[in-house]
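The values are calculated or read from the model by the stated rules, or taken from the named source; none is laboratory data. Keep in mind that what you see is a predicted model, and the values were worked out from it rather than measured. Positions of Cβ are generated from backbone atoms using ideal geometry, with glycine treated the same way; all protein chains shown enter the neighbour counts.
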Amino acid sequence: MENGKYPVCVVNYFLISTFPKRIMNSWLRENLVCPRDKKKLQDKENYLVCSENHRYPVVGDVPVMLLDEIEPNHHYITETLEDVADNQSPAAAKNGGAAGGAIDEFVQDEVPHTCGNLYFPIRYKLTRYPIPELRLPGGDGKRFLDVGCNWGRWTVAAALKGYQPVGIDPSLKAVFAARNVSRQMGAATEFVVADTRYLPFADSCFDVAFSYLVLQSFSKENAKISLQEIARSVKADGKILIQMPNKFGARSFYQQARRGFSKGEDFDIRYWSPTELMKTFTENFGETKITADCFFGLGLQKNDIDLLPARFKTVIHSSEFLRRASVKMPWLVNVADSVYLESINRK
């Protein structure tokens with residue numbers, strides 16, 4: 001298993017045969033490439049193999065495209081590689097996820113980590129899936145990449161808005177939960193287990209790329225590598241919408257002070273200034289504008305107000321008021337805790 005030729009993610013036939021076999025979407029299959037060398041892949045039994053003999057298993061209908069020779073930037077990468085190599089099937093894959101209309105157990109556990117700190121009080125208490133509002137026009141069948149999809153809330157939101165989405169995440173467990181949520185929501189989605197820094201997609205195959213509460217926790221070097229990969233995967237003049245934290249937001253400033261204004265390590269949030277964000281996104285994509293996402297925290301969604309405790313409703317309403325006000329008073333964007341960078345891909 002040296003030099004990345006036969007990565008740890010190669011699994012034996014016994015493991016693959018324990019998963020339900022499904023037909024992979026033909027468009028996805030055509031546009032998957034080796035994440036190492038971007039070469040075309042061929043089907044060989046239950047693997048995708050490039051001409052350099054890099055092999056990737058297809059577990060159920062989900063390609064697992066992780067690289068074991070690269071230093072992981074999240075424990076999910078290590079966990080997935082270990083689970084697959086040790087013949088451990090995620091529970092959601094074995095039993096098809098939550099039965100009937102029940103909320104998926106993985107989502108019940110993961111919701112505060114994917115949606116933000118305000119969601120800790122409703123952990124294990126969800127009565128519905130917190131599917132957010134995607135601030136993009138109708139999809140009209142456009143190909144949509146959700147970077148760091150986890151259990152698929154934004155992937156589902158995109159599908160319900162008319163896009164043809166593909167969600168990527170390094171967690172096989174999260175991806176199987178996302179597939180289950182999609183089935184329950186009646187959303188047509190596809191998922192791939194992959195590392196954002198090494199996207200396994202052909203050049204210029206997506207119309208839109210999106211990411212939320214993901215790149216903010218990458219080191220700035222890894223975030224920039226990921227932006228380059230996104231630019232490569234999106235068509236010329238395609239749209240890119242990515243959420244990032246603003247170091248000058250009130251809550252952001254408080255959180256930075258709590259950790260002594262350190263740069264952060266592992267999956268800590270890295271805080272960026274609006275000027276730094278605009279420079280980075282313009283260099284990687286081209287034409288970019290910055291808008292407010294929310295105030296007084298990260299991940300606040302007005303669509304979830306019915307799920308959250310009463311003490312948080314004022315925060316949500318206040319954040320939404322300031323967000324709307326920022327349209328007419330753009331200077332407010334400079335003090336928003338969370339911002340959107342919307343770019344047109346010219347690279």
Looking at the stretch 193-242 only, could you name the residues that are more than 11 Å from the chain's Cα centre (by Cα), closer than 17 Å to ILE269 by Cα and in a loop (DSSP other than H, G, I, E, B)? PHE218, SER219
Count of residues meeting criterion [over 19 Å from LYS279 (Cβ atoms) and surrounded by 16 or more Cβ atoms within 10 Å (Cβ to Cβ)] in the stretch 236-252: 3
Residue within the stretch 329-337 that is at pLDDT below 95 and not hydrophobic (A, V, I, L, M, F, W, C) present: no
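Does LEU277 satisfy the criteria of being surrounded by 16 or more Cβ atoms within 10 Å (Cβ to Cβ), assigned to a helix (DSSP H, G or I) and touching a residue at least 12 places away in the same chain (Cβ under 8 Å)?
Working: surrounded by 16 or more Cβ atoms within 10 Å (Cβ to Cβ): yes; assigned to a helix (DSSP H, G or I): yes; touching a residue at least 12 places away in the same chain (Cβ under 8 Å): yes.
It is true that LEU277 is surrounded by 16 or more Cβ atoms within 10 Å (Cβ to Cβ), assigned to a helix (DSSP H, G or I) and touching a residue at least 12 places away in the same chain (Cβ under 8 Å).
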Does any residue of the stretch 280-301 turn out to be surrounded by fewer than 20 Cβ atoms within 10 Å (Cβ to Cβ), of a type in the set (Lys, Arg) and in a helix (DSSP H, G or I)? no
Answer yes if at least one residue in the stretch 123-142 is at pLDDT 95 or above, closer than 30 Å to ASN46 by Cα and among the small types (Gly, Ala, Ser), and no otherwise. yes
